[in-house]
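What follows is one structure encoded as structure tokens, with my remarks underneath.
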Amino acid sequence: MTKHIDAVSGSCLCGRVTFEVNEPVKWCGHCHCDLCRRAHGAPFVTWFGVATDDFRLTGGEEDLRWYHSSEEAKRGFCSECGSTMFFSSSRWADEMHIALPFMHADVSKKPSVHVYWDRQVHWVTVADDLKKLGGPTGVEELDQ
Ligand SMILES: [Zn+2]
Ligand SMILES: [Zn+2]
């Protein structure tokens, strides 16, 4: 019996860099860290993760650049339009993290958590019931 794998595609703003992920994705959540905020020019960034084997670039390899935002992590962006789409870190060496807004369709998981919650900006109010984690690693339980 062949296992059927659904794939969801995505691309940058200008459409040069295109990619696909296999479902099901592993997790989805909002990140409030300073680096995501600056890299994306947004109050927080919504990411999901897939195993590196479940991610493939389908176009624009020559337009994709990687910026090392810290010693262990790099962020992949399109050199033409500047869209920052990917995050890869030795902390999650077997995963590719992808910013949800670049997908052409919904992935199988909705955001379930806020990480680096204690670094959130004060000029946006988030009032949902999702789990809120923070601390030095961004994913520790917080006293609420
Ligand atoms: Zn682009
Ligand atoms: Zn972040």
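Quick note: the coordinates plus some simple rules give every number you see, no bench work behind them. Not measured: the values here are computed from a predicted model. When we count neighbours, we look across all protein chains shown, and the Cβ atoms used for this are built from the backbone with ideal geometry, even at glycine.
Values computed for the structure shown
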{"read-out": "Estimated vicinal HN-Hα couplings, Hz - the range 109-126 in sequence order (Karplus 6.51, -1.76, 1.60; Gly, Pro = x)", "value": "10, 9, x, 10, 7, 10, 10, 6, 4, 6, 10, 4, 6, 8, 9, 10, 9, 10"}
{"read-out": "Cβ-placed point charges (K, R +1; D, E -1), dipole of the chain about Cα centre in debye, nearest 20", "value": "220 debye"}
{"read-out": "Nonlocal amide H pairs with V113, under 5 Å, H built at 1.01 Å", "value": "H30"}
{"read-out": "Length gained when the stretch W27-T58 is fully extended (0.36 nm per residue, less Cα-Cα span)", "value": "8.9 nm"}
{"read-out": "Convex hull projection area averaged over all views, the chain, Cα basis, nm²", "value": "9.7 nm²"}
{"read-out": "The range 95-124-the range 29-76 distance, computed between alpha-carbon centres (Å)", "value": "11 Å"}
{"read-out": "Theoretical gain in end-to-end length, V113 to R91 [0.36 nm per residue, Cα-Cα removed]", "value": "6.1 nm"}
{"read-out": "Label-point separation in nm, V124 to R65, each point 7 Å along Cα→Cβ", "value": "2.5 nm"}
{"read-out": "Length gained when the stretch R38-D106 is fully extended (0.36 nm per residue, less Cα-Cα span)", "value": "22.0 nm"}
{"read-out": "Dipole of the range 7-137 [Lys/Arg +1, Asp/Glu -1 at C-beta], most positive-end residue of G60, V126, C78", "value": "V126"}
{"read-out": "Karplus (6.51, -1.76, 1.60) ³J(HN,Hα), θ = phi - 60°, over the range 9-25, in Hz, Gly and Pro reported as x", "value": "9, x, 7, 6, 4, 7, x, 6, 8, 10, 7, 9, 10, 8, 7, x, 6"}
